[in-house]
Amino acid sequence: MSRIVRLSVDDAIRDGDRVLLPLGEPASPVPAPVAALLLERIANRDNMNTATNPASSWLFPGRRASQPFRPDHLSALLKEVGVPAAAARGAAIRQQLLDLPGPVVADALGYHNKTTSRLIRETGGTWSRYAPGDHARSPTGLLPRGASDS
């Protein structure tokens, strides 16, 4: 939640029909139903007519001048409308780990590699033997397969 509340309206990247958010590197595509809600939020942000926020660029402007929502406030609002934030976050990272290598997800989301490795094992992911790095080069002193030493 602390990363989400610090997003600005300028962080939503429109790429044709897609909307991306810089939650990691590269920016993550936002699923269509959520993208529509995000664009609606940008067009109609609340708390903009107060003396503290007339030109705020926060996606979720807070009540204090130049500050976004507090993370706990956003979490409570999500819980009110039936979105269990902790469960949703856990489900989202597990889905990412089924689709991407653990080190990539760890780097993009700021998790430790040991955490993503554990989650891969728990979810039955197939990326347990992924080794990051440049696999096009052979280690120093070794010849590619099929090459002779002549």
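The values are calculated or read from the model by the stated rules, or taken from the named source; none is laboratory data. Since this is a predicted model, take the numbers as computed values, not measurements. Positions of Cβ are generated from backbone atoms using ideal geometry, with glycine treated the same way; all protein chains shown enter the neighbour counts. Surface accessibility is based on the protein's heavy atoms, side chains included, excluding ligands, DNA and RNA. Shrake-Rupley method; radii C 1.70, N 1.55, O 1.52, S 1.80 Å.
Across segment 90-111, not a single residue is classified as exposed (fewer than 12 other Cβ atoms within 10 Å of the Cβ), touching a helix residue (DSSP H, G or I) at 6+ places or on another chain (Cβ under 8 Å), at pLDDT below 85 and over 16 Å from GLU25 (Cα atoms). Residues that are assigned to a loop (DSSP other than H, G, I, E, B) and open to solvent by 40 Å² or more (accessible area, probe 1.4 Å) were ranked within segment 112-127; the one that is farthest from GLY24 (Cα to Cα) is GLY124.
In segment 14-38, the residue that is modelled with the highest pLDDT out of those that are open to solvent by less than 70 Å² (accessible area, probe 1.4 Å) and of a type in the set (Val, Ile, Thr) is VAL19.
It is to be established whether one or more residues within segment 123-135 are among the hydroxyl-bearing types (Ser, Thr, Tyr), at pLDDT 80 or above and touching a Leu at 6+ places or on another chain (Cβ under 8 Å). Scanning segment 123-135 turns up at least one residue that is among the hydroxyl-bearing types (Ser, Thr, Tyr), at pLDDT 80 or above and touching a Leu at 6+ places or on another chain (Cβ under 8 Å).
Residue by residue, here is whether (1) more than 18 Å from the chain's Cα centre (by Cα); (2) open to solvent by less than 60 Å² (accessible area, probe 1.4 Å); (3) modelled with pLDDT of 80 or more holds:
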{"site": "ASN49", "(1), (2), (3)": "yes, no, no"}
{"site": "PRO54", "(1), (2), (3)": "yes, no, no"}
{"site": "PRO61", "(1), (2), (3)": "yes, yes, yes"}
{"site": "GLN67", "(1), (2), (3)": "yes, no, yes"}
{"site": "ARG70", "(1), (2), (3)": "yes, no, yes"}
{"site": "SER75", "(1), (2), (3)": "no, yes, yes"}
{"site": "LYS79", "(1), (2), (3)": "yes, no, yes"}
{"site": "ALA86", "(1), (2), (3)": "no, no, no"}
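Just a yes or no: is a residue in segment 39-47 at pLDDT 80 or above, charged (D, E, K, R) and either open to solvent by less than 60 Å² (accessible area, probe 1.4 Å) or under 18 Å from the mean Cα position of the chain (by Cα) (or both)? Yes - at least one qualifying residue is present in segment 39-47.
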